[in-house]
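Notes for the one structure printed next.
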């Protein structure tokens, strides 16, 4: 599996730990930066990872900033991306199983590198359950389309 990974200057330690784990576990890692503690703008990194996932250059993405919030907001602006900010293994597993998340967001100020690796293991160890969740994920896909095509009627209501 190919995984795109990126961070801003405030997520460098967690990104390095996660990338090292991923490589040792046999994943192909595409690191888009940052590569130092020099200040960078998180939306640029989030866009690069999100586009890699949305365009098929990677099956999954991992983003890290100070809290994970900015990366999550920015990545979710890319159509086809379902970025989830996860703080523990349970939410990471659920993000994949119920929401078919394809980008995991983490915060270095709220998560140690060791904890981040645990979260990544849970995230990548889960798979989308489909079933009732597929209907909901399809509605999210429709919302992506609505960005350019207009409003989406609510199920059971007239257009």
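Would you order 86, 111 from fewest to most other beta-carbon atoms within 10 Å of each residue's own beta-carbon?
Lowest to highest Cβ neighbour count: 111, 86.
Arrange the following residues from fewest to most other Cβ atoms within 10 Å of their Cβ: 91, 67.
Fewest-to-most Cβ neighbours within 10 Å comes out as 91, 67.
Output the 0 to 90 degree angle, nearest 10, between the alpha-carbon long axis of helix 89-99 and the longest principal axis computed from the alpha carbons of the chain.
30
So if R0 is 30 Å, what FRET efficiency would residue 20 and residue 69 give, r being the distance between their Cβ atoms, rounded to the nearest 0.05?
0.75
Could you identify which residue out of 14, 64, 110 has the top mean-square fluctuation in a GNM of the chain using Cα springs shorter than 10 Å?
In this elastic network of the chain, the residue with the biggest mean-square fluctuation among 14, 64, 110 is 110.
Under the rule of -39500 (n - 2.57) per DSSP H run of 4 or more residues, summed and divided by the residues of the chain, what mean residue ellipticity at 222 nm is obtained, to the nearest 500 deg cm²/dmol?
Computed mean residue ellipticity for the chain: -15000 deg cm²/dmol.
Defining a contact as two alpha carbons under 8 Å apart and six or more residues distant in sequence, what relative contact order in percent does the stretch 2-129 show?
It rounds to 27 percent for the stretch 2-129.
Quick one: helix 132-149 against the long Cα principal axis of the chain, what's the angle to the nearest 10°, folded into 0 to 90?
Taking Cα atoms only, the helix is inclined about 90 degrees.
Between (1) 32.4, 109; (2) 19.2, 59; (3) 15.6, 53, which entry matches Rg and Dmax of the Cα atoms in Å as derived from the coordinates of this structure?
(3)
Name the most mobile residue of 18, 78, 40, meaning the one with the largest mean-square fluctuation, in a Gaussian network model of the chain with Cα contacts below 10 Å.
40
Among 83, 17, 116, which one shows the highest mean-square fluctuation when the chain is modelled as a Gaussian network with alpha-carbon springs under 10 Å?
17
Arrange 106, 12 by Cβ neighbour counts within 10 Å, fewest through most, would you?
Ranked by crowding around the Cβ, least crowded first: 12, 106.
Only the coordinates and a few stated rules stand behind these numbers; no lab work does. Everything numeric here is computed off the predicted structure, so don't read it as measured data. Note: ideal-geometry Cβ built from the backbone for every residue, glycine included; neighbour counts use all protein chains shown.
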